Structures are given as structure tokens and as C-alpha cells.
């Protein structure tokens, strides 16, 4: 059994506690092994593997197109980014490129999915700290995005939207585009149905209402400001990325540092905060939703006409070699490493660089010196998805 650095009984007055693997605030099947002095944490060890499904190994038994559906199940709150990371890696190895319209559709799908994922995080993080209303508002607004995805690709969670060389379906009709714009702008039926109530006025009204409910709330500030500090040096050394590293003041985003799809055509900012605490990570994600809104409005206005799929052989058989690709998921750097032997119809090896796995390692440092109750806020601020951790 995994143990801490010291065994029970070695230090008088210490208590060893298992938080999880089944615990309402671990956001999945995770076990935290804590060593306490009173209520203060002096050592924290995350133990994972309870949700391991062998998805990377399954890639060796699936053809290249078949594996797209399995990528949905890793970070199941942002399946679009998982799709993109995989098909982008295969396309790089095969030397093919999706049509321009397909590239725009991929960006629209990923940014809409980024907002949807952040809404789940925001609602559950607020719920962890005791803010029930925010949870209800976020999930009510998320329902609009899930309906948009259902109209786009027929699914609400596991989309399998991306294809090698393009996407599976085009925008249903102009009404879909207008509905997305109305939701992003808080106009049209979203304003008409709002009645001044949060959660019914589109994304802007929701974010403004959440800002009023939480950002200046003294209880929320007490539970998050200064809690779970992660220094810029530790953020880099531990391999964290996404809002974790940007919440420690480091401006790094793959969409800007190594643009993919058509991200280099859009104007957007990279939100950062220098404090490195739970509150900083909260602010970064709020601002990221505003930036995703900016990208979406630009993409919807600029999207060109044309094909959504390039010519791809019916039998996909990449040449022998290897390829590495990466995207910016809601949780950070999501990478793919693909190896082909040039003989079979299945990948010889496919490895996923999962952001949740690397971000979770920071828990060992961020939890030290805080109380058990603070562990919930610290873990929630990481925004882990256990399907992304255990592959």
C-alpha cells in the first residue's frame, strides 16, 4: 500500500487520514493520504489509479479513425480538445491539413467547450465552498451550450466531432450561428427571457452576476485568498499548465506560444494573476471565459465557405515515424505522442500528456500548512478530471 514518508506512530500527536477515494469533494475517484498535526496538514500524498481504463493501450488495438471516440472519455468535460489533440497529431504524421472552414469549426467547437468546462468548474468550486446559487446558475447556463453541441454533432458530452482531415458535420443552419451569438452577447431570446434573473441572460449576465456574488464576498475571499499558494518556480518545476501556471503569474498559453488551427488569426489576451492562490486561479478562469467569448465572436464572423473535410485515404496507414502535437485544453497543455511502424492500421504507440495529471502533483506543495477544510478549496482550484489523470 502506498505510504507517506513517515509511518503512523513515528511522531507523537500526528494523525493519518485518508480523504477518499470516495469523497464528495475529491471531484472523482481520488485518494489523498494526509498526515496531520491537529487539523494542520504537514504532508499530502495524492494517490491515483482508481479510474485507470488503459485507454492508451487500447489505441494499439484500434484503427486510427476508430480511436477518435475513445479520446472523448479522457477529459470528458472537454472532449473537443481531446479530439483535436489526437487528430492533429495523426494529421501531422500523415502530412495532411484540414480545410480552412473545418479549422474555424474546430476553434468554435473548442472555445465553446472551454466555456462549458469552466462553467462546470465554477459551479462545483463555488459549491465546495458553500455557494449553492452559483452552482445552479452555472449549470442552468451550461444547458444552453449542451443544446448547441447537440444540434452541431448530436451529442451533449462525448462528441467525436473531429475527423482526420476535418470535422464530421457542418453548422446546421444560420439559426445555430445566431443562437450562439445571442448567448455570447446576452441578446435576443436570452435577454427577453431573463427577467433580470441570473442564468437566463446569456454568458455576460451570468459572469457579471457571479462576479457580484463571489469576487467581493468576504466568506469567499477568506476561503480562497492566500490559500494554496503555488510559487512561479514550483509551477514550472512541477510541470503545471493552464490556469494553474497562469494563476502563478506566468503568461504561457499554447494558443499563443505555438498556434494551431487558426488561432493566430484572432485577437485575445492571456489572463494572468501574480498571487498564485485559489483566488488567483478563480479570477484567471473567469477572465478566460471572457476571452473565449472574444475568440468565438471573431470566428463566427470570419468563418469562410468551403469544404469541411479534405481527402483522406479510406484505409489510414501513416508512414513510419513519430509525431508530437499539443493543444491548450481548459486544464492546460494537452499533448499527444504518436508512433507508427508504417505497417499496421493501428498506432504502434499513442501517449497522452494529460494536464490534470501534472497539475495534481502540485497538491503536495499547495496543501502544506493548511487545514483539512482548506484542502477542499485547494483541490477544487486545480480543476482535475480523473479521466484525464488515469488513462
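Observations on the structure shown:
- Most mobile listed residue (175, 185, 82) in the chain, GNM with C-alpha springs under 10 Å: 175
- Cα gyration tensor shape for segment 268-391, rounded if a/c is under 1.5, else prolate or oblate: oblate
- Selected from 335, 369, 216 as most flexible by GNM, with the chain as the system and alpha-carbon contacts under 10 Å: 216
- In this simple spin-label approximation, residue 264 and residue 187 carry label points 7 Å from Cα along the Cα→Cβ vector, and these lie 3.2 nm apart.
- Sequence-separation-based contact order of segment 77-219, relative, with Cα cut under 8 Å and 6+ spacing, percent: 24
- Within the listed set 304, 243, 204, the Gaussian network model of the chain (springs between alpha-carbon atoms below 10 Å) gives the highest mean-square fluctuation for 304.
- Rounded Å value of the spacing that divides the Cα centres of segment 350-374 and segment 213-245: 12
- Diffusion coefficient, µm² s⁻¹, Stokes-Einstein with Kirkwood Rh over alpha-carbon pairs of segment 57-134 at 20 °C and 1.002 mPa s: 149
- Placing a label point 7 Å from the Cα of residue 294 along the Cα-to-Cβ direction, the residues of segment 225-266 whose backbone N falls under 20 Å of that point are 242-266.
- Fully extended contour minus Cα-Cα distance, from residue 351 to residue 317, at 0.36 nm per residue: 10.4 nm
- Relative contact order of segment 263-319, taken over Cα pairs closer than 8 Å and 6 or more residues apart, is 34 percent.
- Helix-derived mean residue ellipticity, 222 nm - over the chain, DSSP H n ≥ 4, -39500 (n - 2.57), to 500: -13000 deg cm²/dmol
- Expressed in Å, the radius of gyration and Dmax of the Cα atoms of segment 86-230 are 18.1, 54.
- Percent RCO, i.e. relative contact order, over the chain, from Cα pairs under 8 Å lying at least 6 residues apart: 25
- Rg/Rh for segment 18-88 stands at 1.17; both radii use Cα atoms, and Rh follows the Kirkwood definition.
- Estimated D of the chain in µm² per second, where Rh is the Kirkwood radius over Cα pairs and Stokes-Einstein applies at 10 °C, 1.306 mPa s: 73
Just so you know, all these numbers are worked out from the coordinates, no wet-lab data involved. All values reported here derive from a predicted model rather than from experimental measurement. All Cβ positions, even for glycine, are placed from backbone atoms using ideal geometry, and neighbour counts span all protein chains on display.
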